[in-house]
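K.L.:
Got a structure for you, written out below as structure tokens; questions coming shortly.
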Number of protein chains: 2
Amino acid sequence: MALREKPGSGLELTRRFEKSFGFFWHATHQQIYRILARMVDAGDLTVEVVGQAGRPDKKVYRVTPAGERTLADWLATPAPMEQFRSDLAVKMRGASYGDRAAVLDVLRAHLVDHHVRLGHYLQLEKEYGTDPGSLDDQTRDQYLVLRGGIRLEEFWIGWVSDYLRAHGDDPATTAPAPAPTPASSPTSGPDDMTQGEIR
Amino acid sequence: MALREKPGSGLELTRRFEKSFGFFWHATHQQIYRILARMVDAGDLTVEVVGQAGRPDKKVYRVTPAGERTLADWLATPAPMEQFRSDLAVKMRGASYGDRAAVLDVLRAHLVDHHVRLGHYLQLEKEYGTDPGSLDDQTRDQYLVLRGGIRLEEFWIGWVSDYLRAHGDDPATTAPAPAPTPASSPTSGPDDMTQGEIR
DNA sequence: GAATCCCTTGCAACTCGTTGCATAGGTGTG
DNA sequence: CACACCTATGCAACGAGTTGCAAGGGATTC
């Protein structure tokens, strides 16, 4: 996978993944392990078991030339448009079949979540300095993806604010998060919870 | 499900679903059938087999009072934030591990797709008239969800345009779709293709 | 008249992803 | 010392969703 260009073990990768890909792709260690195993089968990776002092052994994975080719191919492959799918949209759409006030509550909660995230992302954005044009290619890509995250949060905030407003609610009371986390917050970030029921 | 408030059969629902939910939730007839069966088990729906002249029998599903309660409960249930997940983001992020020009091509293709969709949605938006405030609750919800679709397309267009621009590409050449489909296009709409490889 | 398509329902098999649990040694806390 | 926790890997089971295929009759087309 695009980030495995630096070798590492399953858990390491999981964490690296979470940290750098976190907000636009989440994966559990389980998934990573399984995919890693599959990729070894396919010849895209090699494994090397490394013993560690005072710790369980770990398996260090490395990308093979074939793997690099696979990756390059994948990158050049046109992907079909992504299917947007959202419980929240369903709730907005179907609000009149239930307690509208309750739905608005749910939306308001989401709104603050998105504000929090946005604040977090904006914080991260600062770390790229004032002139993104001066960054090297890889870092610029990172920056641009982060910009996407920011735009995404703005999209959500705009949308549900619209909805709330149209239903006589004042989204401004769900204030634009005042002071975000001081510098870098270790515990914060894209906190994911378990999935809810669907339909 | 939020739309099954009007009775109908599996295939009918599938089509209704596609038409009204289409762009923010896609479901195949298979899924619908299975979920329908499950909901009958759960007591949220009743079935009635209806014979038709010159056609296979169909099963008409209806929501029970218990089903309405289930739905209302679901609507009021706070859902955890949705996990954004995007191949495209991965490609942008990892473009330097492959042929960047090819990635830009992929992005350009997406850009036109999103422009097309946006055009389509804007067309639909017109049908709601000039004063959305005057709509009844249900129709307004429909309208507001459509607004979300529009915002979503704008998000995508903004994002990938940013990316292209940052990499010396001029997104304007991927022009803002000139003349959209004349009035209502039967064959167009959220056209979905099969999924591509992941990671 | 034959071929083809549509309608309706459904089965089987698969992928992707999640959750819960197990193992097995090492470290830190009360 | 016991308990909880971290690291590291992994199994088993499940749920959601997709694809391919089937059956059986009606309608359309050549």
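K.L.:
Under a plain spin-label model, where a point goes 7 Å from the Cα along Cα-to-Cβ, how far apart in nm are residue A:126 and residue B:165?
P.N.:
In this crude label model, residue A:126 to residue B:165 measures out at 2.4 nm.
K.L.:
What are the ³J(HN,Hα) values, in whole Hz, obtained from phi via the Karplus relation 6.51 cos²θ - 1.76 cosθ + 1.60 with θ = phi - 60°, for each residue of segment A:55-60 in sequence order, with x given for Gly and Pro?
P.N.:
Per residue, the Karplus-derived 3J(HN,Hα) values read 8, x, 4, 10, 10, 9 Hz.
K.L.:
Label position 7 Å from Cα toward Cβ: report the copy-to-copy distances for residue A:43 in nm, one decimal, ordered from shortest.
P.N.:
5.8
K.L.:
Pairwise over distinct Cα atoms, reciprocal of the mean inverse distance: report the Kirkwood radius of segment B:10-74 in Å, one decimal place.
P.N.:
Computed over Cα pairs of segment B:10-74, the Kirkwood hydrodynamic radius comes out at 12.8 Å.
K.L.:
Using a 1.4 Å probe on the protein heavy atoms only, what accessible surface does residue B:139 show? Give it in Å² to the nearest 10.
P.N.:
Looks like 40 Å² after rounding.
K.L.:
Here's another thing I want to ask about it. Given an 8 Å cut-off on Cα distances and at least 6 residues of separation, report the relative contact order of segment A:27-117 as a percent. Before the final figure, lay out each step's value.
P.N.:
Numbers: 45 pairs, mean separation 14.2, N = 91.
RCO, segment A:27-117: 16 percent.
K.L.:
Work out, step by step, the length gained on full extension between residue B:30 and residue B:137: first 0.36 nm times the residue separation, then minus their alpha carbon distance; give nm to one decimal. Walk me through the numbers before you get to the answer.
P.N.:
Values: separation 107, 0.36 × 107 = 38.52 nm, distance 3.15 nm.
Extra length from residue B:30 to residue B:137 when fully extended: 35.4 nm.
K.L.:
Now for a separate question. Only Cα pairs within less than 10 Å get springs; with that Gaussian network setup on chain A, which residue of A:19, A:58, A:126 has the largest fluctuation?
P.N.:
A:126
K.L.:
Oh, and also: Expressed in nm to one decimal, what extension gain is obtained for the pair residue B:99 and residue B:12 from 0.36 nm per residue of sequence separation less their Cα-Cα distance? Don't skip to the end; give the middle numbers.
P.N.:
On the way: separation 87, 0.36 × 87 = 31.32 nm, distance 4.53 nm.
Difference between extended and current length: 26.8 nm.
K.L.:
Size of the protein assembly as shown along its principal axes in angstrom, Cα-based, largest extent first?
P.N.:
Principal-axis extents of the Cα atoms in the protein assembly as shown, largest first: 69, 43, 43 Å.
K.L.:
Let me ask another. Skip the ligands, DNA and RNA, and give the accessible area per residue of segment A:25-111 with a 1.4 Å probe, whole Å².
P.N.:
Numbers: 4380 Å² over 87 residues.
Roughly 50 Å² per residue, with all protein chains present.
K.L.:
Going by a 1.4 Å probe on protein heavy atoms, which residues of segment B:131-146 end up with at least 50 Å² less accessible surface in the whole assembly than in their chain alone?
P.N.:
Residues shielded by partner chains are B:138, B:141, B:144, B:145.
K.L.:
Taking just the C-alpha trace of chain B, give me its Rg and Dmax in Å.
P.N.:
When restricted to Cα atoms, chain B yields Rg and Dmax of 20.8, 63 Å.
K.L.:
Per the 1.4 Å probe, what fraction of the accessible area of chain A, in percent, lies on carbon and sulfur atoms?
P.N.:
Reported share for carbon and sulfur atoms: 55 percent.
K.L.:
Highest GNM mean-square fluctuation, chain B, Cα pairs closer than 10 Å: which of B:111, B:146, B:124?
P.N.:
Sorting by GNM fluctuation, first place goes to B:124.
K.L.:
Determine the relative contact order of chain A: mean sequence separation of Cα pairs under 8 Å and six or more apart, normalised by residue count, in whole percent.
P.N.:
Details: 145 pairs, mean separation 36.5, N = 199.
Relative contact order here is 18 percent.
K.L.:
Rounded to the nearest 100 Å², what is the sum over both chains of accessible area buried where A meets B, with a probe of 1.4 Å? All intermediate terms of the calculation are to be shown ahead of the outcome.
P.N.:
Details: alone 14200 and 14190 Å², together 20380 Å².
Looking at A and B, the buried total is near 8000 Å².
K.L.:
Additional query: If packing is taken as the average count of other Cβ atoms within 10 Å, what order do A:97-107, B:35-45 fall into, highest mean first? Write out the running numbers ahead of the final one.
P.N.:
Details: A:97-107: 17.9, B:35-45: 16.3.
Packing order, densest peptide first, comes out as A:97-107, B:35-45.
K.L.:
Here's another thing I want to ask about it. What average number of partner chain Cβ atoms lie no more than 10 Å from the Cβ of the residues making up A:97-110? Before the final figure, lay out each step's value.
P.N.:
Numbers: counts 12, 10, 4, 4, 1, 6, 5, 0, 2, 5, 1, 1, 3, 5.
Averaged over the peptide's residues, the number is 4.
K.L.:
Tell me the relative contact order for segment A:32-73 as a rounded percent, counting alpha carbon contacts under 8 Å between residues six or more apart. Show your work: numbers first, answer last.
P.N.:
Working: 41 pairs, mean separation 14.4, N = 42.
34 percent.
K.L.:
Treating the angle as unsigned and between 0 and 90°, give the value, to the nearest 10°, between the Cα long axis of helix B:65-76 and the longest Cα principal axis of chain B.
P.N.:
Compared with the principal axis, the helix lies near 30 degrees.
K.L.:
If you don't mind, there's one more thing I want to ask. Kindly write out, for segment A:145-152 in residue order, the coupling ³J(HN,Hα) from the Karplus curve 6.51 cos²θ - 1.76 cosθ + 1.60 (θ = phi - 60°), rounded to whole Hz, with x marking Gly and Pro.
P.N.:
5, 4, 4, x, x, 5, 4, 4
K.L.:
Calculate one ³J(HN,Hα) per residue across segment A:134-144 by plugging θ = phi - 60° into the Karplus curve 6.51 cos²θ - 1.76 cosθ + 1.60, and present them in order as whole Hz with x for glycine and proline.
P.N.:
Here the 3J(HN,Hα) series is 8, 6, 6, 3, 5, 5, 4, 4, 4, 4, 5 Hz.
K.L.:
While we're here: Name the aspartates and glutamates eligible as straight-distance cross-link partners of residue A:59: C-alpha to C-alpha under 20 Å, and not fewer than 8 places from it in the same chain.
P.N.:
A:5, A:12, A:18, A:41, A:44, A:48, A:68
K.L.:
Follow-up question, since we're still on this one. Quick check on my link table: of A:19/B:91; B:19/B:91; A:6/A:58; A:6/A:126; B:19/B:58, which ones sit more than 22 Å apart, alpha carbon to alpha carbon? Before the final figure, lay out the partial values.
P.N.:
Details: A:19/B:91 17 Å; B:19/B:91 31 Å; A:6/A:58 16 Å; A:6/A:126 26 Å; B:19/B:58 20 Å.
Result: B:19/B:91; A:6/A:126 exceed 22 Å.
The values are calculated or read from the model by the stated rules, or taken from the named source; none is laboratory data. None of the values given here were measured: they were computed from a predicted structure. Note that we place each Cβ from the backbone using ideal geometry, even for glycine, and neighbour counts take in every protein chain shown. Remember, those area values only see protein heavy atoms, side chains included, never the ligands or the DNA or RNA. Shrake-Rupley method; radii C 1.70, N 1.55, O 1.52, S 1.80 Å.
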